[in-house]
Amino acid sequence: MAEISIQSIKDLRDKSGAGMMDCKKALVENGGDIEKALDWLREKGIATMLKKSGRIAAEGIVESYIHGGGRVGVLVEVNIETDFAARNEAFKGFVRDIALQIAAMNPRWVAREDVPAEELDREREVVRNQALNEGKPEKIVDRIVDGRIAKFYQENCLLDQDYIKDDSKTVQELLTEMTVKIGERIVIRRFTRYELGEGLERREEDFAAEVMSQIK
C-alpha cells in the first residue's frame with residue numbers, strides 16, 4: 001500500500017472540499033493518485049454531499065440517552081434541512097446511534113475545528129517533547145507529532161472516532177453515508193455528556209463495552 005503523505009491529503013482536500021478522513025481513504029483506495037481519488041469521492045456520493053454544505057439545516061432532533069440506571073446521560077442536537085426528513089426513521093436511528101457513541105466513547109468535541117487553538121498547541125508541545133525525550137531524530141519528529149495529533153483527534157473528536165457498531169468506518173463516514181441516503185444536509189451541532197461522580201475518585205468503568213453489551 002502506498003504511503004499517503006499529509007500534504008497529499010491536504011491537496012485533495014483543497015481540490016474536493018471533502019473531510020480529511022474521506023480524503024485519506026480515497027487516496028489509500030487509489031494508490032495515492034489524486035485524480036483517481038477525486039473520481040472515487042464523486043462515485044461514493046461525497047461530491048453530491050458537498051453540494052449540500054451551503055444549505056441551512058435548522059430542523060432536527062435533540063436526542064437523550066441515559067445509561068446504566070442514570071450513571072451516564074447524553075443530550076445531542078443533530079440538525080437536518082426539513083422537518084419531514086427529521087421524522088425519517090433512518091435519521092432518528094442515526095441520531096440515537098450518535099447518542100450511544102457519545103455515551104460510550106466520551107468525545108470532547110464534535111470536529112477537529114472545534115478544538116481550541118491553545119489546547120492543540122499545548123498537545124503539540126507535549127507530544128513533540130515526548131518524541132525528543134524518546135531520542136527520536138529531529139528530522140522525523142514533525143512526522144511523529146503529526147501522527148500523534150491524528151491519534152489525539154481520533155480519541156477526542158466525535159467525527160474522527162471509530163463508529164462503535166462498525167469500527168471499519170468513522171463517525172464522519174457514517175454521517176456521509178446518511179447524508180447521501182436521505183439527500184439532505186445533516187449536522188451534528190452539539191452535545192453534552194454527564195457522568196455520575198465525574199471528577200470524583202471512583203473505579204474505572206469500561207462504558208464502551210458496557211453500552212455495546214446492552215444494545216446487542
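Hey, among V74, V145, V110, V115, which residue is surrounded by 13 or more Cβ atoms within 10 Å (Cβ to Cβ) and free of Cβ contacts under 8 Å to residues at least 40 places away in the same chain?
Answer to the check: V145.
Could you identify the single residue in Q101, Q130 that is surrounded by 15 or more Cβ atoms within 10 Å (Cβ to Cβ), among the polar types (S, T, N, Q) and part of a helix (DSSP H, G or I)?
Details: Q130 fails: surrounded by 15 or more Cβ atoms within 10 Å (Cβ to Cβ).
Answer to the check: Q101.
Could you list all residues from region 9-22 that are of a type in the set (A, V, I, L, M, F, W, C) and either modelled with pLDDT under 75 or farther than 16 Å from V171 by Cβ (or both)? Even if it seems obvious, please write down each step before you answer.
Going residue by residue through region 9-22, those that are of a type in the set (A, V, I, L, M, F, W, C) are 9, 12, 18, 20-21.
Result: I9, L12, A18, M20.
Take G45 and tell me if it is at pLDDT below 70 and of a type outside the set (S, T, N, Q). Before you say what the answer is, go through the steps one by one.
Working: at pLDDT below 70: yes; of a type outside the set (S, T, N, Q): yes.
So G45 fits the description; yes.
Can you spot a residue in region 164-181 that is more than 16 Å from the chain's Cα centre (by Cα) and either at pLDDT below 90 or surrounded by 17 or more Cβ atoms within 10 Å (Cβ to Cβ) (or both)? Walk me through how you get there before you give the answer.
Residues of region 164-181 more than 16 Å from the chain's Cα centre (by Cα): 180-181.
Within this subset, residues satisfying the condition of being either at pLDDT below 90 or surrounded by 17 or more Cβ atoms within 10 Å (Cβ to Cβ) (or both) are 180-181.
Yes; the residues of region 164-181 include at least one that is more than 16 Å from the chain's Cα centre (by Cα) and either at pLDDT below 90 or surrounded by 17 or more Cβ atoms within 10 Å (Cβ to Cβ) (or both).
The values are calculated or read from the model by the stated rules, or taken from the named source; none is laboratory data. Owing to the predicted nature of the structure, the values given are computational and were not obtained by experimental measurement. Every residue, glycine among them, receives a Cβ derived from its backbone with ideal geometry; neighbour counts consider all protein chains shown.
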